Amino acid sequence: MVKEIEKEGKKYYICGECEFVYDSKEWAQKCEDCCKEHHSCNIEITKHAVKL
Ligand SMILES: [Zn+2]
């Protein structure tokens, strides 16, 4: 389940599996789907992650 958080007026989305943070829900959802399926992160997805 992708988690939504708000920080400094911006919304972020967190993959419920690996807890990488994204600024788009689409990427967070893709990450979570991939994490669930492969039990690991795909670098093509995690490169879109942001650091808080
Ligand atoms: Zn993930």
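Quick one: is residue 35 within 9 Å of the ligand (Cβ to nearest atom) and in contact with a helix residue (DSSP H, G or I) (Cβ under 7 Å, 6 or more places away or on another chain)?
Against the criterion (within 9 Å of the ligand (Cβ to nearest atom) and in contact with a helix residue (DSSP H, G or I) (Cβ under 7 Å, 6 or more places away or on another chain)), residue 35 does not qualify.
Please tell me if residue 30 is open to solvent by 100 Å² or more (accessible area, probe 1.4 Å), more than 8 Å from the ligand (Cβ to nearest atom), assigned to a helix (DSSP H, G or I) and of a type in the set (Lys, Arg).
It is false that residue 30 is open to solvent by 100 Å² or more (accessible area, probe 1.4 Å), more than 8 Å from the ligand (Cβ to nearest atom), assigned to a helix (DSSP H, G or I) and of a type in the set (Lys, Arg).
Please determine, by comparing only the residues of the stretch 5-24 that are open to solvent by 40 Å² or more (accessible area, probe 1.4 Å) and farther than 15 Å from residue 51 by Cα, which one is farthest from the ligand (Cβ to nearest atom).
Filtering the stretch 5-24 for residues that are open to solvent by 40 Å² or more (accessible area, probe 1.4 Å) and farther than 15 Å from residue 51 by Cα, the one farthest from the ligand (Cβ to nearest atom) comes out as 9.
The values are calculated or read from the model by the stated rules, or taken from the named source; none is laboratory data. Small disclaimer: the values here were computed from a predicted structure and weren't measured. Here Cβ is always computed from backbone atoms with ideal geometry, including for glycine, and neighbour counts include all displayed protein chains. Ligands, DNA and RNA are stripped out before the accessible areas are found, and what is left, the full protein with its side chains, is counted by its heavy atoms. Shrake-Rupley method; radii C 1.70, N 1.55, O 1.52, S 1.80 Å.
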